[in-house]
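So the structure is just underneath, and the comments pick up after that.
No lab work stands behind these numbers, since they all come straight from the coordinates. Predicted model only: the values in this text are computed from it and were never measured. We place every Cβ from the backbone using ideal geometry, glycine too, and count neighbours over all the protein chains shown.
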Amino acid sequence: MKKLLTVLLLGAIAAPLALADTPAETRTKSFKKVLLAFEPMGTVVRGRDPYQKDAFIRQADALSLIAAEPFNHFPANSISGKSRAKPEIWSQPAKFQADKDAFLKAVADLRQAARGGDLAAIKKNYGAVAQSCKSCHDAFRGPEK
Ligand code: ASC
């Protein structure tokens, strides 16, 4: 009986741990949310969806609300499983921080541009966000596993 209780107790403790995401998984999910928020503006900028000022403002706001979130999930050397994070994230922290800041600045600029309602300016700012994604990926994201 005592043994059974011990087994049940250990199971109750271990199960949530086994189900919990690793930091790398949490980070990947968080970046996917950022991408999902970014994409609807991409279809407008590429002319596939009509430009509607109010809707675009809401999309830009949604992106700025979550843009910083993935950066809370880079604990030291948290490379595991399918994570494409490169060790340079932790060996070049100043550059990583600068790339993060550039991304967040571009997202804030896009939010401002959305309020201006000038589609040409919006396109430029959208491109700047995409470029900031790319330059950080070039430096800090490895090949797909
Ligand atoms: C995206 C996306 C990126 C950037 C980059 C821009 O939509 O997923 O990583 O833009 O591809 O060149």
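A few points about this structure:
- Filter result for LYS100 (of a type in the set (D, E, K, R), closer than 23 Å to ALA139 by Cβ and in contact with a Gly (Cβ under 7 Å, 6 or more places away or on another chain)): no
- Positions within region 109-143 being surrounded by fewer than 16 Cβ atoms within 10 Å (Cβ to Cβ), within 16 Å of the ligand (Cβ to nearest atom) and outside any helix (DSSP H, G or I), in sequence order: GLY142, PRO143
- The single condition among (1) under 30 Å from GLN112 (Cβ atoms); (2) crowded, with 16+ Cβ neighbours inside 10 Å; (3) touching a helix residue (DSSP H, G or I) at 6+ places or on another chain (Cβ under 6 Å) that LYS86 does not meet is (1).
- Test: ALA102 is in contact with a Lys or Arg (Cβ under 9 Å, 6 or more places away or on another chain) and within 14 Å of the ligand (Cβ to nearest atom): no
- Search result, residues across region 48-62 that are within 16 Å of the ligand (Cβ to nearest atom) and not in a helix (DSSP H, G or I): ARG48, ASP49
- Some residue of region 9-28 being within 16 Å of the ligand (Cβ to nearest atom), in a helix (DSSP H, G or I) and closer than 28 Å to GLY142 by Cβ: yes
- Residue within region 58-79 that is exposed (fewer than 12 other Cβ atoms within 10 Å of the Cβ) and among the small types (Gly, Ala, Ser) present: yes
- Selection from region 63-82 of residues that are of a type in the set (A, V, I, L, M, F, W, C) and in a loop (DSSP other than H, G, I, E, B): ALA67, ALA68, PHE74, ALA76, ILE79
- Test: residue in region 90-106 that is within 23 Å of ALA55 (Cα to Cα) and buried (at least 18 other Cβ atoms within 10 Å of the Cβ): yes
- Residues being of a type in the set (Gly, Ala, Ser) and either within 14 Å of the ligand (Cβ to nearest atom) or farther than 16 Å from THR28 by Cβ (or both) - total across region 69-93: 2
- Residue match in region 24-33 (condition: under 30 Å from ILE122 (Cα atoms), surrounded by fewer than 15 Cβ atoms within 10 Å (Cβ to Cβ) and out of contact with any Asp or Glu (no Cβ under 9 Å at 6 or more places or on another chain)): yes
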